[in-house]
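Take a look at the structure below.
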Amino acid sequence: MEDTIFLLVKATIQTSHLQVHDAITEIQRKATCTISDTRKVKIKKLEFMDYKLKS
């Protein structure tokens, strides 16, 4: 069976950015994440979804 699932990540951060939006943008551009296959589940594609920020 092949399906699409969404996993949410909760992160507590400390930043020198004055605006939290700048920190979120930086994380979206530079963060890495590793999610490994298991015995019964093969990860076929993994991507960060952009968080749409209001200006």
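The values are calculated or read from the model by the stated rules, or taken from the named source; none is laboratory data. If you're wondering where the values come from, they're calculated on a predicted model, not measured in any experiment. Please note: Cβ atoms are built from the backbone with ideal geometry, for glycine as well, and neighbour counts cover all protein chains shown.
Descriptive notes on the structure:
- If the condition is being in a loop (DSSP other than H, G, I, E, B) and among the β-branched types (V, I, T), then the stretch 22-40 contributes T32, T34, I35, T38.
- Members of the stretch 29-55 that are at pLDDT below 85 and not hydrophobic (A, V, I, L, M, F, W, C): E47, D50, Y51, K52, K54, S55
- Among residues of the stretch 24-37 that are more than 15 Å from L7 (Cα to Cα), those with a beta-carbon under 8 Å from a residue that is in a loop (DSSP other than H, G, I, E, B) and β-branched (V, I, T) at least six positions away or on a different chain give the pairs I27/I13.
- Within the stretch 10-52, considering residues that are exposed (fewer than 10 other Cβ atoms within 10 Å of the Cβ) and polar (S, T, N, Q), the one nearest to the chain's Cα centre (by Cα): T32
- Among the residues of the stretch 22-38, those identified as of a type in the set (D, E) and over 14 Å from A11 (Cα atoms) are D22, D37.
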